[in-house]
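See structure below.
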Amino acid sequence: MDLFINLAHGFSVALSPMNLLFCLIGALVGTLIGVLPGVGPVATIAMLLPITFGLPPVGALIMLAGIYYGAQYGGSTTSILVNIPGEASSVVTTLDGHQMARQGRAGPALAIAAIGSFIAGCVSTVLVAAVGAPLTKLALLFGPAEYFSLMVLGLVFAVVLAKGSVIKAVAMIMLGLLLSMVGSDIETGQSRMAFDVPELSDGIGFVVVAMGVFGFAEIIRNLENQSEETRSIVTSKVTGLMPTWPDLKASAGAITRGTIIGSILGILPGGGAVIAAFAAYTFEKKVSKDPSRFGRGAIEGVAAPESANNAAAQTSFIPLLTLGIPPNAVMALMVGAMTIHGIVPGPQVMTKQPDLFWGMIASMWLGNLMLVVINLPLVGVWVKLLQVPYRMMFPAILIFCNIGNYSINNAPFDVGMTAVFALVGYWLLKLDFEPAPMLLGFVLGPLMEENLRRAMLIARGDPMTFLYRPISATLLAIAVFLLVLAVLPMIRSKRDVVFVEGET
Amino acid sequence: MSDGIQAPSGRSGGFRIRNQQDFYGGLVLVAVAAFALWASRDLPGMRGFAFGPGTAPRIFASILGALGLIVAVGGLVTDGPPVERVAVRGTALGAVLIAIFILVSNYATPITAGLGLRQYETVLAAIVVLLVTIAIARGADRGPLYVVAGTLVFAGTIRPLGLVLASFISIVVCAAATVEVRWRETILWAAGLTIFCALLFVYALNLPFNFWPRF
């Protein structure tokens, strides 16, 4: 059984005291930041990315993964206690979670969210490990043309599953691709669109874009709505943490279904975790004997979406680790982190850096365990943190961002550029253009261009190569099919805006 | 998108932009695409089978421009919410602040050198930006403007003035982004945060920062 040998190797890496510590710090800090209302996983990771630069690559990625789960988990804590979802994927949790908290059952709600997440985490970790190896083999068959088509498919998925207008989302991807072209050309080294600004010759920093468009822009928007914001913090002591036996029995099915839905949807590119949570909640309501309980504090309404979003968070690592293609904005940040550490994400990671690959998978499970063991007792601390007024919180967030951002290259220029992207992001939010596809395009840009150029060179300049090669043609066909599927209802009538993929 | 929807006509205004968000957003995208095409005009394109450095940017810019046009035209024939005034003013004035910062830090070298302070032009730029911000930021514009100003102040001061001063000033400026600001609390909070940042980034994370100003 290769799988178990590999997993055992992974655990031996992840259980080393240093990596255990990184995982712990990541989970804690992730929760700490993720608890802040309006700061989701993308903003959290963008903010904390710089502090992982000094670490060895394996440790850094383990810590980032920990930050990711922590932020996810922190988001549900705020949803339940304050009725403000920390991130898009825990929007559904507010529906029943906050109602439970109001009925004095915040403890069981938090506990079941943690338990559900943990169980989902265990299952999906095994899934990542099991699917990882075969998918990697498949990926090795891929040439440049296939890679290019796969990335096109990934981007199309992101567009189709995102909210609102398909055309606007595609336009955002193009904007991201274009931004990624700034700087030196990969092959000739010629400076492109850099206007002889020396700081731009290496291109626009990835953290700069992510921080500005997600972190800063979000803060500016929060500042506008602040006075109207009504926070109903459940201040009463969170007592009776443990769910009762009927609670557990009621949630068992919900957790199982949530895990399955989440695992499947997580692999698909797009807003995996967000859609998973919505889908799991809707499904749970459908199969329930008494759907009217939902929205009034049904524990299944917490268990299902929380398991689903965690499962999806985990399985969204599959396309990243095996194919090197980030399925969503969080994974795009992970690509950025890997690149900074000199790791090229893709199938070769598993063969060339087994420590990293399996260590990270093992640490996923450990991270989930830590969240259950550490965070439940710390609920009181998180509640305290939520009582810090926003007027004190946002300058703190901004200064951490600025210092962290400066520390990456010791470049004041990067800090200034973040201000530019803060305005760009704010403008996009106000005009209802989604920033997530832009970030995805920005990250995939260099890879896409490289593969496109190589494929064209191999095919002696014949663009039909993408259609002659069977795998590539299939991928493109699926992409076109999905696009048509998404555009058709929009032309016929207005498309229902079901999923709000804010991501932060 | 030619879905045959007729714009309501005969009203007093006649022509009306029905979805301002999409219309202006689309136009901005077209402008960005045009700018990118102009910026990459000198880059060589295809040479035989091979892509040149300019090929991919031109392809993506062209698609962006076309999509922007579609979005803008769509904004004429479908309904949508109007663009908020705050967004327009806040972003425009924020862009002005950034322009001021760039201009002053690039062209003020003779002034600061004359004062005997080398490499202080960015500090001067930060001061100018701050003064302009105080002069123009009103009401709902405070958010975008002070956040941008605080960030630019940090960018301008971190090298010459060191981590402690840069953080402190930047935190105070950022804090002014909300009308709820309470000055005494802000000063104390900024001091506390500065100490925390210094300990975290310099001691715990071992990053190479100057603590204090260099002269």
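The values are calculated or read from the model by the stated rules, or taken from the named source; none is laboratory data. Computed from a predicted model, the values in this text were never measured in an experiment. Using ideal geometry, Cβ is built from the backbone for each residue, glycine included, and neighbour counts are taken over all protein chains shown. Side chains are part of the model used for accessible areas, which takes the heavy atoms of the whole protein and leaves out ligands, DNA and RNA. Shrake-Rupley method; radii C 1.70, N 1.55, O 1.52, S 1.80 Å.
Quick test of your reading of the structure: A:ILE186 fulfils all but one of (1) closer than 22 Å to A:LEU333 by Cβ; (2) within 11 Å of chain B (Cβ to nearest Cβ); (3) in a helix (DSSP H, G or I). Name the failing condition by number.
So A:ILE186 meets the others, but not (3).
Inspect all residues belonging to segment B:195-206 and state whether any of them is facing chain A (nearest Cβ under 8 Å), in a helix (DSSP H, G or I) and surrounded by 16 or more Cβ atoms within 10 Å (Cβ to Cβ).
Yes, segment B:195-206 has at least one match.
Of all residues in segment A:209-227, which are more than 8 Å from chain B (Cβ to nearest Cβ) and either assigned to a loop (DSSP other than H, G, I, E, B) or free of Cβ contacts under 8 Å to residues at least 24 places away in the same chain (or both)?
A:ASN225
Residue check: is B:TRP189 assigned by TED's automatic domain parsing to the domain that holds B:GLY150, open to solvent by 70 Å² or more (accessible area, probe 1.4 Å) and more than 22 Å from A:LEU48 (Cβ to Cβ)?
When the stated conditions are applied, B:TRP189 does not pass them.
From A:ALA436, A:ALA396, A:ALA419, grab the single residue that is surrounded by 24 or more Cβ atoms within 10 Å (Cβ to Cβ), at the interface with chain B (Cβ under 8 Å from one of its Cβ atoms) and in a helix (DSSP H, G or I).
A:ALA419
Against the conditions (1) of a type in the set (A, V, I, L, M); (2) open to solvent by 80 Å² or more (accessible area, probe 1.4 Å); (3) modelled with pLDDT of 80 or more, where does B:MET46 fall short? Just the number, please.
For B:MET46, the exception is condition (3).
I'm checking my understanding of the structure. Among residues of segment B:165-186 that are open to solvent by 90 Å² or more (accessible area, probe 1.4 Å) and among the hydrophobic types (A, V, I, L, M, F, W, C), which one is farthest from the other protein chains (Cβ to nearest Cβ)?
Step by step, filter segment B:165-186, then rank; the result is B:TRP183.
Is segment A:154-174 home to any residue that is facing another protein chain (nearest Cβ under 10 Å), in contact (Cβ under 8 Å) with a residue 24 or more places away in the chain, part of a helix (DSSP H, G or I) and among the polar types (S, T, N, Q)?
no
Might you check whether a residue that is in a helix (DSSP H, G or I), open to solvent by less than 40 Å² (accessible area, probe 1.4 Å) and within 30 Å of A:ASP247 (Cα to Cα) occurs anywhere in segment A:129-147?
no
Among helices (runs of 4 or more DSSP H) lying entirely in segment A:1-113, which contain 1 or more residues that are closer than 26 Å to A:LEU440 by Cα and open to solvent by 10 Å² or more (accessible area, probe 1.4 Å)?
Answer list for segment A:1-113: A:17-34, A:41-48, A:57-82, A:91-102.
Tell me which residues, restricted to segment B:21-42, are surrounded by 15 or more Cβ atoms within 10 Å (Cβ to Cβ) and more than 9 Å from chain A (Cβ to nearest Cβ).
Correct list: B:PHE23, B:LEU27, B:VAL30, B:LEU37.
Return yes or no: is A:GLY367 open to solvent by 20 Å² or more (accessible area, probe 1.4 Å) and either closer than 30 Å to A:ILE220 by Cα or away from every other protein chain (no Cβ under 14 Å) (or both)?
The answer is no for A:GLY367.
For segment B:69-155, give me every one of the helices (runs of 4 or more DSSP H) that falls completely inside it and has 2 or more residues that are away from chain A (no Cβ under 11 Å), open to solvent by 40 Å² or more (accessible area, probe 1.4 Å) and touching a Ser or Thr at 6+ places or on another chain (Cβ under 9 Å).
Filter on segment B:69-155 gives an empty set.
Can you tell me which condition B:ILE59 does not meet? The list is (1) within 30 Å of B:ASP141 (Cβ to Cβ); (2) open to solvent by 30 Å² or more (accessible area, probe 1.4 Å), and all the others hold.
(1)
Filter segment A:439-465 for residues that are at the interface with chain B (Cβ under 7 Å from one of its Cβ atoms) and either within 22 Å of A:ALA329 (Cβ to Cβ) or open to solvent by 50 Å² or more (accessible area, probe 1.4 Å) (or both) and give the result.
Once the filter is applied, which keeps residues that are at the interface with chain B (Cβ under 7 Å from one of its Cβ atoms) and either within 22 Å of A:ALA329 (Cβ to Cβ) or open to solvent by 50 Å² or more (accessible area, probe 1.4 Å) (or both), segment A:439-465 yields A:GLU449, A:LEU457, A:ARG460.
So, A:LEU444, is that one farther than 30 Å from B:ALA95 by Cβ and of a type in the set (A, V, I, L, M) or not?
Taking the combined requirement at face value, the residue does not satisfy it.
Only one of these is free of Cβ contacts under 8 Å to residues at least 40 places away in the same chain and either touching a Leu at 6+ places or on another chain (Cβ under 7 Å) or acidic (Asp, Glu) (or both): B:VAL88, B:VAL132. Name it.
B:VAL132
Can you go through A:VAL349, A:VAL330 and tell me which one is in a helix (DSSP H, G or I) and within 20 Å of A:MET172 (Cβ to Cβ)?
Of A:VAL349, A:VAL330, the one residue that is in a helix (DSSP H, G or I) and within 20 Å of A:MET172 (Cβ to Cβ) is A:VAL330.
Can you pull out the residues in segment A:192-208 that are facing another protein chain (nearest Cβ under 9 Å) and either surrounded by 14 or more Cβ atoms within 10 Å (Cβ to Cβ) or within 32 Å of the chain's Cα centre (by Cα) (or both)?
Selection gives A:ARG192, A:MET193, A:ALA194.
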